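Asks: Before I ask anything, let me first share the structure, which is written out below as structure tokens.
The values are calculated or read from the model by the stated rules, or taken from the named source; none is laboratory data. No experiment lies behind these values; they were computed from the predicted model shown. Only protein heavy atoms, including side chains, enter the accessible area calculation; ligands, DNA and RNA are left aside. Shrake-Rupley method; radii C 1.70, N 1.55, O 1.52, S 1.80 Å.
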Amino acid sequence: LSSRYPARTASGKYGNGISFDGVDDSIEVLDNTISGTAVDVCDATAGWVKQGAGGSIVLNNSIYREGTGSLELLKSGSTGTDSYFEKPIASTNMQGKLLNLWFYIRDAAALSKINRVELYLIAPAYSNYINKTPILPSTLKTGWNLLTFDTSFPTGTAGAPNLTNVQILRIDVDTNLASDLFGAGEIIMDNWFLTSGQPPTPSLRFGLNSA
């Protein structure tokens, strides 16, 4: 799997008209060479389910980082701040690898509603998982952010996770207030993929800044 992007126009935007200002120039150069093993390309909603206060998961074929589409993560429930989404996957060996995900924030208004973002790997059942240090809004920017989870250094562990047998992906996008909602196009994810070794630069580890 190699990164593929529409041609950049003279105006500084990609061919689909979406600004990538959330990714600085050094990352834009480097991520043209990023390659890895696809885990979920986010070109279809199949398998993804909402949990907590999470809303619909919607396919977006206009704003995406890889392939032909991406997935919008909506929040329509106002009874809680915990909005999370998960997908069962075929047994995958993630031992000692980096799990990467492109995460898009439409604008400052959407960013202001985020309390934290967390990634979980369930291996193989919910009693056995690892998770990453919460990614705080101060470390994110509008536009695309590359989130990376080094599975060798999880923040939290439950049970006895077997990272050679990861079977569920999960992303939490928690809000500051229960009344904070995410509508169409505000929060988008694209292309979960595995790489080996360390990110090319520290800024690539959790997007633009370390969490």
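Asks: Can you give me the Rg/Rh ratio for region 68-211, using Cα atoms for both radii and the Kirkwood formula for Rh?
Replies: 0.95
Asks: Taking a probe of 1.4 Å, how large is the accessible area per residue of region 115-197, in Å²?
Replies: That works out to 34 Å² per residue.
Asks: Quick one: accessible surface of Ile168, probe radius 1.4 Å, all protein chains present, in square angstrom to the nearest 10.
Replies: Estimated to the nearest 10 Å², Ile168 gives 30 Å².
Asks: Which whole-number value in Å² is the accessible area per residue of region 47-114, probe 1.4 Å?
Replies: 39
Asks: Pull out the extension gain between Asn165 and Thr37, defined as 0.36 nm times the separation in residues minus the alpha carbon to alpha carbon distance; nm, one decimal.
Replies: Extra length available between Asn165 and Thr37 comes to 44.5 nm.
Asks: Rounded to the nearest percent, how much of the accessible area of region 101-150 (1.4 Å probe, protein heavy atoms only) is carbon and sulfur?
Replies: 54
Asks: Less than 29 Å apart at the alpha-carbon level, and either on another chain or at least 8 residues along: which lysines does that give for Lys75?
Replies: Lys13, Lys50, Lys87, Lys113, Lys132, Lys141
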